[in-house]
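Shown next, in structure tokens, is the structure this report addresses.
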Amino acid sequence: MLVAPSILSADFGRLNDEITAICQGGCDLIHVDVMDGHFVPNMTIGPVVVSSVAKVATKPLDVHLMVENNSFFIDLFAPLKPEYISFHIESEKHPHRVIQKIRSLGIKPAIVLNPHSTPESIEYLLEDLDMVLLMSVNPGFGGQKFIKSVIEKTIELKKLILKRNPNCLIQVDGGVNDKNIYELKKAGVDIVVAGSYVYGAHDYAKAIKSLQV
Ligand code: DX5
Ligand code: ZN
């Protein structure tokens, strides 16, 4: 299991140290939550702050867009050369076009499903994706309770992935901890995002390791 700590739960007053700590702690990716105050009722960081994160990061960036205007934000973040950019299916009228745009910039495209959205809704996009992110909380805030139906959804999505594009990874984001990690692994999850579990821990390295099952 790959682990992407979400810097949403980091101490933003000491952001460089917080990034260095998870990189040295053995994380696989750095999850960056971008919120515009429209698609979700919260705002976070833009490319100016993330560019200083990118300078100290020794692991690839995983940019999770929670915004209405995906194309605009993709243009802002592409120069930082993230490994992935993921956007919500619920916020996009032309998801296939946006996937092509991300790939044309040399970045791996991913689609995010809110807790109510079904894997079937993206079946015909799977062959063009590198990853699907399943939200296991409502997007907008860290520290929320894990929504259990994501386990069943992962199993359903895995079947579609095996049929359409076995290389596509499954990521789960929200309420992940050392209690639900084995169930997520068993269901077929490849990457977990963990914010409050990692940054709320005394020992970040130990917390990250406990999820790399
Ligand atoms: C929520 C974000 C998550 C969040 C996860 O909108 O997408 O990445 O930071 O935080 P935890 O792990 O605390 O649920
Ligand atoms: Zn996220």
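Residues of region 174-192 that are outside any helix (DSSP H, G or I), under 12 Å from Phe146 (Cβ atoms) and of a type outside the set (D, E, K, R): Gly174, Gly175, Val176, Asn177, Asn180, Val192. Cβ-Cβ distances below 6 Å connect the following pairs, each with a first residue in region 178-201 that is in contact (Cβ under 8 Å) with a residue 24 or more places away in the chain, a second residue that is within 15 Å of ligand 2 (Cβ to nearest atom) and of a type in the set (Ser, Thr, Tyr), and a separation of six or more residues or different chains: Val193/Ser6; Gly195/Ser6; Gly195/Ser9; Ser196/Ser9; Tyr199/Ser9.
The lone criterion from (1) within 15 Å of ligand 1 (Cβ to nearest atom); (2) under 30 Å from Ala207 (Cβ atoms); (3) modelled with pLDDT of 95 or more left unmet by Glu90 is number (2).
Among the residues of region 123-150, the ones that are more than 9 Å from ligand 1 (Cβ to nearest atom), over 24 Å from His96 (Cα atoms) and in contact (Cβ under 8 Å) with a residue 40 or more places away in the chain come to 0 in all.
Which of (1) over 15 Å from the mean Cα position of the chain (by Cα); (2) away from ligand 1 (no atom under 12 Å from the Cβ) does Asp190 not meet, given it meets every other one? Answer for Asp190: the failing condition is (1). Residue count for region 14-31 under the criterion of being within 29 Å of Asn69 (Cβ to Cβ) and either of a type in the set (Gly, Ala, Ser) or within 9 Å of ligand 1 (Cβ to nearest atom) (or both): the result is 1.
Considering Gln100, Gln171, the condition of being more than 16 Å from ligand 2 (Cβ to nearest atom) and either within 23 Å of Pro60 (Cβ to Cβ) or in a helix (DSSP H, G or I) (or both) is satisfied by Gln100 alone. Residues in region 64-86 include none that are over 22 Å from Ile30 (Cβ atoms) and under 15 Å from the mean Cα position of the chain (by Cα). Only one of the numbered conditions (1) within 14 Å of ligand 2 (Cβ to nearest atom); (2) out of contact with any Lys or Arg (no Cβ under 6 Å at 6 or more places or on another chain) is not met by Ile30, and that is (2). Select, from Ser71, Ser91, Ser9, the only residue that is surrounded by fewer than 17 Cβ atoms within 10 Å (Cβ to Cβ) and of a type in the set (Ser, Thr, Tyr). One residue alone meets the criteria, Ser71.
The values are calculated or read from the model by the stated rules, or taken from the named source; none is laboratory data. On a predicted model such as this, the values are computed, not experimentally measured, just so you know. Heads up, the Cβs are rebuilt from the backbone with ideal geometry, glycines too, and the neighbour counts pull from every protein chain shown.
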